[in-house]
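For reference, the structure is listed below as structure tokens.
Every read-out reported here was derived from the displayed coordinates using simple, explicitly stated rules and does not represent laboratory data. All values derive from a computational prediction rather than experimental measurement. Positions of Cβ are generated from backbone atoms using ideal geometry, with glycine treated the same way; all protein chains shown enter the neighbour counts.
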Amino acid sequence: MAVSLTVLASGSRGNSAVVSSSRTRLLVDAGLSCRETFKRMRSVGFEPDKLDAIVISHEHSDHVAGLAVLAKKLGIPVFITASTWTAWQRALPDARRSVASSRPPQPLLPRRETFQAGRSFTVGDIEISSFTIPHDAADPVGFAFRIEGAKVSVATDLGYLPVNVRDHLRGSDILIMESNHDVEMLRGGSYPWAVKQRVASNVGHLSNAKLADFFTGDYDNNAAIVVLAHLSEQNNHPEIARREAEKALAERGGLFQNRVLVAMQSQVLPPIQL
């Protein structure tokens, strides 16, 4: 096994994935509880104590809910931007109590490693490029992982696809892309109007239609495998998202070249290997 991607969970209730080379294993985001993360890893034959590091995209709870416990229990480095770390720490209940009592909040990441959005860094034999994404968080980033000659890119939690994001996605062999909502389902759904506006905004979440526009436009059609991620459980359906993506890829001649998979909230997507 040279290159492997396993999506443990994807959606508004928790996001986490494992990206591996033959000798390095990374946890990308920590949106599940520690117990659930370990359970899902073991269900596909991964031992949590083999993880080498955790990398964090942004501070929203569905990406960091299990971070404090995981970092403490595993004792491995956590790579996070300074602004994301500050925003996450301030949001913690313990931090709020510390502020109320005039005591400084205590650091909860024993091995914190700070990186700057837009810069690259290396963990083991995996080179990680970070890039800024448009989302309503302190310093949100996407990632491109270069692993033994292959490229795995992750771009979720973004309202649209600016030029810098499109550039970083070029040449990907595995592409994990947000396909959050169907526009009509969102409009007619039960969310409050303010939430609907936030989701559909340029700092919200990518719709099936916006992703399809990318696939028919500026996408280089390089990825052998496309994973649709962060689907809304109320405002989307896996088959709707898959149909829109496959239709768009077919217009580029990629329907039979690209394999389209859908990452789910409640179950692990089996390991993808190159």
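For the chain, what is the relative contact order in percent, using Cα pairs closer than 8 Å and at least 6 residues apart in sequence?
Details: 627 pairs, mean separation 52.7, N = 274.
Reported relative contact order: 19 percent.
Can you work out ³J(HN,Hα) from phi for every residue in the range 260-271, in order, using Karplus 6.51 cos²θ - 1.76 cosθ + 1.60 and θ = phi - 60°, giving whole Hz and x for Gly and Pro?
Running phi through 6.51 cos²θ - 1.76 cosθ + 1.60 with θ = phi - 60° gives 9, 10, 10, 7, 10, 6, 9, 8, 6, 7, x, x Hz.
Put +1 on the Cβ of each Lys and Arg and -1 on the Cβ of each Asp and Glu in the range 199-251; which of L249, F214, A200 then has its Cα farthest toward the positive end of the dipole?
A200
Determine the sum of side-chain charges near A138: Lys and Arg each +1, Asp and Glu each -1, restricted to other residues whose C-beta is under 11 angstrom from that of A138.
Details: positive: R90; negative: E59, D136, D139.
Result for the neighbourhood of A138: -2.
What is the sum of charges, Lys and Arg at +1 and Asp and Glu at -1, for the other residues whose Cβ falls under 12 Å from the Cβ of I54?
Working: positive: R25, K72, K73, R111, R112; negative: D29, D52, E113.
My count for the surroundings of I54 gives +2.
All other residues with a Cβ under 14 Å from the Cβ of I147 taken together, and with Lys, Arg as +1 and Asp, Glu as -1, what is their net charge? Intermediate results must be reported in sequence, preceding the final value.
Values: positive: R23, R25, R146, K151; negative: D52, D125, E127, E148, D173.
That works out to -1.
Rounded to the nearest 5, what % of the DSSP beta bridges within the chain are antiparallel ones?
Working: 28 of 50 bridges.
Percentage antiparallel, nearest 5: 55.
Could you list, in their original order, any pairs among K39/K72; K73/K210; K50/K151 whose Cα atoms are separated by more than 28 Å?
Working: K39/K72 17 Å; K73/K210 39 Å; K50/K151 22 Å.
Those over the limit are K73/K210.
For the chain, with only Lys/Arg (+1) and Asp/Glu (-1) charged at the beta-carbon, what is the dipole magnitude about the Cα centre, in debye rounded to 20?
Details: 30 positive and 28 negative charges, 164 e Å.
So the magnitude is around 780 debye.
Contact order normalised by length for the range 191-274, with contacts defined as Cα pairs under 8 Å and 6 or more residues apart; what percent is it? Before the final figure, lay out each step's value.
Details: 72 pairs, mean separation 26.8, N = 84.
Relative contact order here is 32 percent.
Would you be so kind as to identify which of Y160, A17, W88 lies farthest towards the positive end of the dipole of the chain, taking Lys and Arg as +1 and Asp and Glu as -1 on Cβ and the Cα centre as origin?
W88
Using the Karplus curve 6.51 cos²θ - 1.76 cosθ + 1.60 with θ = phi - 60°, work out ³J(HN,Hα) for each residue of the range 18-30 in order, rounded to whole Hz, and write x for Gly and Pro.
Rounded to whole hertz, the list is 10, 10, 9, 9, 6, 9, 10, 10, 10, 9, 9, 6, 9.
Hey, what do the phi angles of the range 77-82 turn into as Karplus ³J(HN,Hα) couplings, whole Hz, using 6.51/-1.76/1.60 and θ = phi - 60°, x for Gly and Pro?
Residue by residue, the range 77-82 yields x, 10, 9, 7, 6, 4 Hz.
Once the mean 1/r over all distinct Cα pairs of the range 68-220 is inverted, what Kirkwood radius in angstroms do you read off? Could you put the intermediate results ahead of the total?
On the way: mean 1/r = 0.0570 Å⁻¹.
Result for the range 68-220, one decimal place: 17.5 Å.
Of the peptides 69-79, 11-21, how do they stack up when ordered by the mean number of other Cβ atoms within 10 Å, highest first?
Values: 69-79: 18.1, 11-21: 22.7.
Descending mean neighbour count gives 11-21, 69-79.
For A138, list long-range residues whose amide hydrogen, built 1.01 Å from N in the peptide plane, is under 5 Å from its own amide hydrogen.
Amide H to amide H, under 5 Å and 5 or more residues apart or across chains, A138 pairs with E59.
Taking only the C-alpha atoms, wrap a convex hull around the chain and report its volume per residue in Å³ as a whole number.
Spelled out: Cα convex hull of the chain, divided by residues, is 121 Å³.
Taking the Cα centre as origin and putting +1 on Lys and Arg beta-carbons and -1 on Asp and Glu beta-carbons, what dipole magnitude results for the range 146-274, to the nearest 20 debye? Display every interim value, and only then the final one.
Details: 13 positive and 15 negative charges, 18 e Å.
Dipole of the range 146-274, to the nearest 20 debye: 80 debye.
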